[in-house]
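First comes the structure, then the notes that go with it.
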Amino acid sequence: MSNSTDNIGARFDAVIVGGGAAGLSGAVALGRSLRSVLVVDKGEQRNLPADAAHNVIGREGISPGELVAEGRREAVSYGVEFADDEVISVERDGDFTVTLGSGRIVTARRLLLATGLVDELPRIPGVQEAWGHGVLHCPYCHGYEVRGRRVGVIATTSMGSVHQSLLFAQLSEHVTLFAGAVEFDEQQLAELRVSGVGIVEGEVERVIEHDRDVTGVQVDGRVHDVDNVVVGTRMVARTELFEQLGGVPQDHPFGQFIPSDPTGATGVDGVWTAGNAGNLAAMVSVAAGAGLLAGIAINADLVAADVRAALV
Ligand SMILES: Cc1cc2nc3c(=O)[nH]c(=O)nc-3n(C[C@H](O)[C@H](O)[C@H](O)COP(=O)(O)OP(=O)(O)OC[C@H]3O[C@@H](n4cnc5c(N)ncnc54)[C@H](O)[C@@H]3O)c2cc1C
């Protein structure tokens, strides 16, 4: 798709797509380097369904919405602009031409894709409804909060669900693995046994939840009482914009992501990534760290480009 140049608005040093921990950290780094920055964010940060963000040093237990709002305020204080909008297309012809859902078009010298990922949940009634509250996935996000409780792990893959079961079994003596159609080898069964994890076989029909609190897992018509459910998700980074620029996402056993070097530079010239878009395992602080590294690298790249141009 080519845009009419009549519609093209401001030119930014960097456009950041995504205003979660990664995008906001990149924005602060670039704002503090006196760069003109636009952050475009459609407000679907991955952990918004959760009550709190844990393992965030200095802001332990802050609500995810509040963390994002504070990050925004900090970025704005350094002159960063925000658009509550969606980037629907990007093209490269020297600068990047960035088109927003509202029809606004801007250009950018560099692009940071901090677009996060989508958790594809198992299609079991009750899982989506209680996601982020009664239904969990990550022992480092909410494990402490469910210590000692009755935790039911619903198997989606053998490797992933054994891993989750062992980690939650370290925090509670009452962990049950609901096997469903997943099969486990002798080694895995032995690991579960010595860790005190019980196994329930049979088809998982639904998670019993009320107002996002979980009370049980129904298997073959029988309800097993639990206080929380743990599921594995397929984690699919939002890669559409990267692909529009010719980038190729990389497959991962648990999803797909945008490949990059340690600074977040992708194989597409002028395009960086940070956070869950490039690292499926990144928690908030890791995503923020990656955003900072990418912001620093983008600024250094702009300095180098300007010096090269001045020498010509
Ligand atoms: C239920 C749950 C609880 C969690 N709890 C914790 C916890 O306690 N502690 C912790 O450290 N981690 C936790 N995490 C992980 C945490 O959510 C991620 O580490 C973090 O959100 C990654 O930040 P990010 O900036 O990469 O992506 P996100 O925070 O997901 O932000 C990406 C943003 O980009 C936007 N976006 C995407 N595409 C576009 C586009 N084309 N145009 C405009 N905007 C776009 C999205 O709408 C979104 O707002 C949890 C995750 C889940 C699912």
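When you scan the range 152-160, do you find a residue that is within 30 Å of Asp185 (Cβ to Cβ), among the polar types (S, T, N, Q) and not in a loop (DSSP other than H, G, I, E, B), even just one? Walk me through how you get there before you give the answer.
Residues of the range 152-160 within 30 Å of Asp185 (Cβ to Cβ): 152-160.
Subset that is among the polar types (S, T, N, Q): 156-158.
Subsequent filtering for residues that are not in a loop (DSSP other than H, G, I, E, B) retains 158.
Yes, that holds for at least one residue.
Quick test of your reading of the structure: His142 fulfils all but one of (1) within 11 Å of the ligand (Cβ to nearest atom); (2) modelled with pLDDT of 95 or more; (3) in contact with a strand residue (DSSP E or B) (Cβ under 6 Å, 6 or more places away or on another chain); (4) not polar (S, T, N, Q). Name the failing condition by number. If we test His142 against (1) within 11 Å of the ligand (Cβ to nearest atom); (2) modelled with pLDDT of 95 or more; (3) in contact with a strand residue (DSSP E or B) (Cβ under 6 Å, 6 or more places away or on another chain); (4) not polar (S, T, N, Q), just (2) comes out false.
The lone criterion from (1) free of Cβ contacts under 8 Å to residues at least 40 places away in the same chain; (2) touching a helix residue (DSSP H, G or I) at 6+ places or on another chain (Cβ under 8 Å) left unmet by Val307 is number (2).
Only one of the numbered conditions (1) buried (at least 23 other Cβ atoms within 10 Å of the Cβ); (2) under 15 Å from Leu38 (Cβ atoms); (3) touching a Lys or Arg at 6+ places or on another chain (Cβ under 8 Å); (4) not hydroxyl-bearing (Ser, Thr, Tyr) is violated by Val106, and that is (1). Would you confirm, using the coordinates I've provided, whether Thr233 is among the hydroxyl-bearing types (Ser, Thr, Tyr) and within 21 Å of Gly23 (Cβ to Cβ)? Judged against the criteria, Thr233 is not a match. Taking strands (runs of 3 or more DSSP E) as the structural unit, those lying wholly within the range 228-312 and holding at least 2 residues that are touching a Leu at 6+ places or on another chain (Cβ under 7 Å) and open to solvent by 10 Å² or more (accessible area, probe 1.4 Å) correspond to 234-237. Considering every residue within the range 117-128, establish whether at least one is part of a strand (DSSP E or B), more than 10 Å from the ligand (Cβ to nearest atom) and among the hydrophobic types (A, V, I, L, M, F, W, C). Scanning the range 117-128 turns up no residue that is part of a strand (DSSP E or B), more than 10 Å from the ligand (Cβ to nearest atom) and among the hydrophobic types (A, V, I, L, M, F, W, C).
Return the only residue of Glu70, Glu44, Glu86, Glu60 being closer than 25 Å to Val118 by Cα and open to solvent by less than 70 Å² (accessible area, probe 1.4 Å).
Details: Glu44 fails: open to solvent by less than 70 Å² (accessible area, probe 1.4 Å); Glu86 fails: open to solvent by less than 70 Å² (accessible area, probe 1.4 Å); Glu60 fails: open to solvent by less than 70 Å² (accessible area, probe 1.4 Å).
Only one candidate passes the filter, namely Glu70.
The values are calculated or read from the model by the stated rules, or taken from the named source; none is laboratory data. Quick caveat, the model's predicted, so the values are computed rather than measured. With ideal geometry, Cβ positions are generated from the backbone for all residues, glycine too; neighbour counts draw on all protein chains shown. In case anyone asks, the SASA skips ligands and DNA or RNA and just uses the protein heavy atoms, side chains included. Shrake-Rupley method; radii C 1.70, N 1.55, O 1.52, S 1.80 Å.
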